[in-house]
Each structure stands twice: as C-alpha cells, then as structure tokens.
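K.L.:
The structure under discussion is supplied below as structure tokens; questions concerning it will follow.
The values are calculated or read from the model by the stated rules, or taken from the named source; none is laboratory data. Computed from a predicted model, the values in this text were never measured in an experiment. Every residue, glycine among them, receives a Cβ derived from its backbone with ideal geometry; neighbour counts consider all protein chains shown.
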Amino acid sequence: MKKTLLTLAIVLLTMAAQAQTAIKVHNTGQISLQSATTSSGIQIPTSGVMSIEPNVTTAYELTSQTKTYNSLVRAWAVIPPQLHLPLVPLSFYVSGYGNVYAYGSYLTIAQPFQPNKAVHPIEDASGMVSMMKGYFLDSDEFEGITPEEIENSDYVDPDAVEGLLHDLEKGRTAGLVAEELEDVLPEAVRHDPSGLVGINYNAIVTVLVEAFKEQQARIDQLESILRENGLLNGKK
C-alpha cells in the first residue's frame with residue numbers, strides 16, 4: 001500500500017512539474033500551452049479567442065501557419081519552400097475576415113473532361129447576362145476596425161497601411177446577389193450546410209464568353225448587311 005501511494009505521489013509530482021513547463025499564465029492574462037512565451041504553442045489571449053501558431057512542414061514541403069483570429073492577420077497560410085520556388089511573401093492564405101488570396105494566376109483546378117458525362121452547350125448566354133444585375137454592395141469585411149488600429153497593428157506591414165486605409169474608406173464592394181442569380185443561372189450558385197449561399201464567379205465567366213461570341217456574331221451579320229448595301233464606312 002505504501003509503495004502504491006509513493007508511486008502515485010511521484011506520478012502526481014511529475015505531472016505537476018510538466019504542467020509548470022507546459023502551461024504559463026502571463027501578466028497580461030494570456031495563457032500559453034506547450035510554450036513559455038506568446039510566440040509559439042497554443043495561445044489563449046485575454047479575449048478568449050484561441051490561436052495555434054506552429055510552423056508545420058507537410059509531406060509536400062509546404063509550411064502551414066495558423067494565427068490569432070483577427071481581421072488584420074493571415075488566419076491560415078501556406079508558404080512555399082524557398083529552396084525550390086522564387087521568393088514570394090505567401091503562396092496562399094486566408095485573411096482573418098475570410099478573403100482568400102493566392103499568388104499566381106491559377107485560382108481553381110478545372111474539372112477534368114469526362115467522355116462518359118454529357119456536355120451541354122450554353123444557349124442564349126446574352127439573354128442570361130442581360131438578366132443579371134450587378135450592384136455596389138456595402139461591405140462588412142472591415143467592420144469594427146478603425147484607421148488607428150490599422151496604423152498601429154503589429155500585423156500590418158508599414159507599406160500596406162495606405163492601401164488598407166483606402167479599402168477601409170471605400171466601405172463597399174461590387175458583386176451579384178446570389179438569390180437573384182439563382183433565378184438566372186442556378187449553376188453558378190451553391191449552398192453550404194450552414195445555410196450560407198455562395199456564387200461561383202468562374203461559372204459566370206463561362207457564360208460571358210459565350211455571350212461575347214453571340215454578340216460578335218450579330219455584329220458581323222450587321223456589318224455584312226451594311227457592306228452589301230454600300231453603307232459601311234460612310235459609303236452610299
């Protein structure tokens with residue numbers, strides 16, 4: 001019995017010693033797990049919003065970083081291995097307010113052609129485009145952020161301050177309304193399990209390509225009629 005109690009006491013003391021090195025409460029009220037500093041490990045700030053800040057290298061030698069949920073920081077990022085790729089700030093990241101940024105021009109992977117699946121030509125693309133309504137939309141991506149926060153934030157590069165202040169001043173963006181677009185081009189609208197509705201603008205580009213071709217065909221036809229009647233280039 002005494003041996004069992006002694007063993008239990010040693011285990012508890014060992015756990016306590018480990019806990020002292022694994023958990024630290026800073027004088028600011030922030031809690032660090034698996035780290036004695038606020039620069040790594042799992043961080044619980046005074047706001048209660050937890051962040052994980054490791055540098056993890058994947059099997060493809062891509063480094064992922066997760067930082068505090070804040071509208072001005074990169075919430076998640078993939079950094080290319082600098083030994084293999086040109087030096088770029090970040091190859092891909094999601095900002096704190098949900099916008100996705102990618103370095104380069106390949107934003108999505110095209111669906112591979114599958115011969116066993118039907119391909120449906122787009123008809124009356126011009127008609128669909130004429131029914132779409134574009135708007136300037138009030139934006140909330142900078143909601144609650146003041147110019148002073150941008151100017152004094154540790155997460156904002158000094159060279160980026162002017163551009164962010166300009167974005168903050170605009171306060172709106174341009175786009176389509178998903179609920180309206182669903183009546184015109186439902187193929188470009190998607191719903192997620194939480195009830196949010198999204199727009200696939202790449203699908204809209206496809207329709208715009210076909211609409212341009214339809215319009216060009218009409219222009220060519222009108223030019224042909226004018227030319228036949230000697231009315232093109234001011235001729236009578």
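K.L.:
Take the conditions surrounded by 11 or more Cβ atoms within 10 Å (Cβ to Cβ) and in contact with a Ser or Thr (Cβ under 7 Å, 6 or more places away or on another chain) and apply them to Leu137. Does it pass? Break it down into steps so the answer makes sense when it comes.
P.N.:
Values: surrounded by 11 or more Cβ atoms within 10 Å (Cβ to Cβ): yes; in contact with a Ser or Thr (Cβ under 7 Å, 6 or more places away or on another chain): yes.
Here the answer is yes, as Leu137 does meet what is asked.
K.L.:
What tally of residues in region 130-147 results from selecting those that are within 19 Å of Ser71 (Cα to Cα), free of Cβ contacts under 8 Å to residues at least 24 places away in the same chain and polar (S, T, N, Q)?
P.N.:
1
K.L.:
Gly230 - would you say it is surrounded by 10 or more Cβ atoms within 10 Å (Cβ to Cβ) and assigned to a strand (DSSP E or B)?
P.N.:
no
K.L.:
For region 218-236, which positions are polar (S, T, N, Q) and at pLDDT below 95? Let's see the steps before the verdict.
P.N.:
Taking region 218-236 first, the residues polar (S, T, N, Q) are 221, 224, 229, 233.
Listed by number, the residues that qualify are Ser224, Asn229, Asn233.
K.L.:
Can you tell which of Asp138, Asp167 is touching a strand residue (DSSP E or B) at 6+ places or on another chain (Cβ under 7 Å) and under 30 Å from Leu72 (Cβ atoms)?
P.N.:
Asp138
K.L.:
Just to be sure, is Ala217 touching an Asp or Glu at 6+ places or on another chain (Cβ under 8 Å), closer than 16 Å to Ser126 by Cα and of a type outside the set (Ser, Thr, Tyr)?
P.N.:
In short, no.
K.L.:
I've got another one for you. Which one of the conditions (1) over 22 Å from Ala211 (Cβ atoms); (2) surrounded by fewer than 10 Cβ atoms within 10 Å (Cβ to Cβ) does Leu165 fail to meet, given that it meets all the rest?
P.N.:
(2)
K.L.:
Under 6 Å between Cβ atoms, at least 6 apart or on separate chains: pull out the pairs that start in region 148-165 with a residue that is touching a residue at least 40 places away in the same chain (Cβ under 8 Å) and end on any residue that is part of a loop (DSSP other than H, G, I, E, B) and of a type in the set (Lys, Arg).
P.N.:
Close Cβ pairs satisfying both conditions: none exist.
K.L.:
Go through (1) in contact with a Gly (Cβ under 8 Å, 6 or more places away or on another chain); (2) surrounded by 13 or more Cβ atoms within 10 Å (Cβ to Cβ) and name the single condition Thr206 misses.
P.N.:
(1)
K.L.:
Go through region 169-192 residue by residue and tally those that are surrounded by 14 or more Cβ atoms within 10 Å (Cβ to Cβ) and in contact with an Asp or Glu (Cβ under 7 Å, 6 or more places away or on another chain).
P.N.:
1
K.L.:
For Gln215, which of the numbered conditions (1) modelled with pLDDT under 95; (2) surrounded by 13 or more Cβ atoms within 10 Å (Cβ to Cβ); (3) more than 17 Å from Gly175 (Cα to Cα) fails to hold?
P.N.:
Unmet condition: (1).
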